[in-house]
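The next block holds one structure in the form of structure tokens; read it before the comments.
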Ligand code: C2O
């Protein structure tokens with residue numbers, strides 16, 4: 001196994017998009033940031049040097065961080081932010097994971113431009129279970145704002161209203177052919193007739209789930225979130241923010257140019273939406289005498305309608321793990337958590353740009369709107385037993401009958417309680433969670449991401465989760481394994497993991513606007529009794545809050 005050393009300089013960089021030059025925050029001047037390529041078993045040492053005018057942290061999304069919770073990265077959870085002028089070295093080893101993950105800023109909305117791919121190949125001498133592709137291409141889906149994203153969310157927090165939507169979707173940082181002044185820079189993927197390419201899709205968009213398709217080509221899904229799947233062939237993918245999807249594509253069509261295209265899947269009904277599409281181009285190199293080249297316009301990409309929940313549901317249902325996975329058929333903790341938006345009534349003198357002009361948006365899990373601490377990180381406070389930073393009384397109970405419709409929800413659920421509450425877990429316990437979408441403000445998909453763990457998705461459904469009836473649907477044989485689940489609109493998902501990684505682990509909606517509003521909670525996983533089961537001391541350069 002190797003040790004890879006990298007330097008990430010977070011800095012302000014001029015970048016031209018959509019006809020104008022913008023000063024954005026990048027890593028090493030690149031958008032997307034550098035691609036990290038490692039093998040399973042390797043160690044990464046990334047020294048992050050903050051030369052930007054903002055506080056920043058970097059999160060290694062999906063990396064389990066076994067034994068290295070101090071390297072996880074969410075600000076005020078596992079570390080305090082790296083101040084302008086400061087630095088912090090993230091050191092971690094990749095254990096038992098192969099496939100595509102990514103890294104991104106975990107402070108304010110900086111991840112709009114601070115993100116990149118993290119590719120994990122099998123150990124030397126070991127092959128992919130799906131054979132050797134002729135080429136591998138990371139394709140990172142993103143979202144672009146002409147305005148400064150940090151200002152966009154600050155403004156929304158000031159007024160209590162919804163933030164402005166982005167100006168474009170992007171693939172590898174480029175909006176593509178369907179946007180103004182973007183054609184020349186459209187991402188090109190050169191391919192050869194007959195070959196098979198492994199395309200590694202990552203959804204790094206801030207606030208949108210995305211449908212993806214390729215003109216005239218089928219895709220075979222072979223991995224999601226760095227867990228292998230049974231090969232599953234499809235015309236369209238639905239990727240939620242935080243998720244990755246690896247697909248094999250065989251170049252079996254007439255040699256010309258084809259769009260790889262993505263556009264938003266909007267699960268909430270009645271939300272106005274700018275129906276725009278980002279694109280890259282598969283360019284066949286036929287090796288023939290005539291140059292059909294860039295003169296040939298690809299056909300307009302076929303994608304599901306923006307509100308096609310049936311397409312999203314069918315895609316999710318197609319993903320299965322290989323049958324070699326081991327799924328516990330019992331749980332030590334069986335918990336119910338609502339996920340959804342709520343509203344605060346305005347106090348006199350407050351701005352109130354939420355619904356009806358007398359409310360401010362909020363969001364919660366089990367009626368608690370998560371508040372990030374300011375004086376310490378949760379993990380540091382836990383390790384040194386610093387009082388007053390958090391409590392361990394996050395309210396989670398065994399599944400209850402919950403009416404998700406707004407009309408019948410108790411008034412209390414409309415006004416969640418802001419608090420920093422953790423849920424404690426015994427080391428090694430099998431944890432089963434029911435995630436139930438609410439429609440108190442609006443029903444919609446919530447991509448729920450758990451730090452530090454992969455989980456199995458035992459079942460998903462619409463309506464209210466009903467333990468007696470829905471337990472029949474639990475897949476304990478080949479459930480998909482992920483780190484982010486798109487909890488269906490007006491529905492639920494049941495996930496399960498083993499709490500074998502001591503530390504404090506954030507769980508949150510990966511739509512950034514929702515995490516800003518408090519759609520988050522954290523688990524405190526206690527130490528076990530074995531030598532490798534207790535929390536290591538913090539690294540000496542761990543950033544502190546003061
Ligand atoms: Cu990819 Cu907490 O995030």
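Structure values in brief
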| read-out | value |
| --- | --- |
| Part-to-part distance (alpha-carbon centres) for region 490-522 and region 442-467, which is given in Å | 10 |
| Fraction of beta bridges assigned by DSSP in the chain that are antiparallel (%, nearest 5) | 75 |
| Degrees separating the helix 149-159 axis from the principal Cα axis of the chain, which is the longest one | 40 |
| Approximate spin-label separation residue 353-residue 533, in nm, with each point projected 7 Å along Cα-to-Cβ | 5.1 |
| Net lengthening on full extension, residue 233/residue 124 (0.36 nm per residue, minus Cα-Cα) | 36.4 nm |
| Extension gain from residue 37 to residue 195, taking 0.36 nm per residue of separation minus the Cα-Cα distance | 54.6 nm |
| Gain in span if fully extended, residue 466 to residue 310, counting 0.36 nm per residue against the direct Cα distance | 54.0 nm |
| Packing-based exposure ordering (other Cβ within 10 Å, fewest first) of 260, 498, 3, 249 | 3, 498, 249, 260 |
| Relative contact order (%) - criterion: Cα under 8 Å, at least six apart; region: region 1-124 | 31 |
| Region 171-213 - Rg over Rh from alpha carbon coordinates, Kirkwood radius | 1.01 |
| Acute angle (nearest 10 degrees) that the helix 309-318 long axis makes with the longest principal axis of the chain, alpha-carbon atoms | 90 |
| Residue 374-residue 285 FRET efficiency (beta carbon distance; Förster radius 51 Å; 0.05 resolution) | 0.40 |
| For the chain, calculated [θ]222 nm from helices alone, where every DSSP H run of n ≥ 4 adds -39500 (n - 2.57) | -1500 deg cm²/dmol |
| Kirkwood estimate for the chain, i.e. one over the average of 1/r between Cα atoms, Å | 23.8 |
| Spacing of the two label points (7 Å from each Cα toward its C-beta) at residue 329 and residue 134, in nm | 4.6 |
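Read the figures in this text as sums done on the coordinates, not as results from a lab. Quick caveat: nothing in here was measured; it's all calculated off a predicted structure. Glycine also receives a Cβ, built like all others from the backbone with ideal geometry; neighbour counts cover every protein chain displayed.
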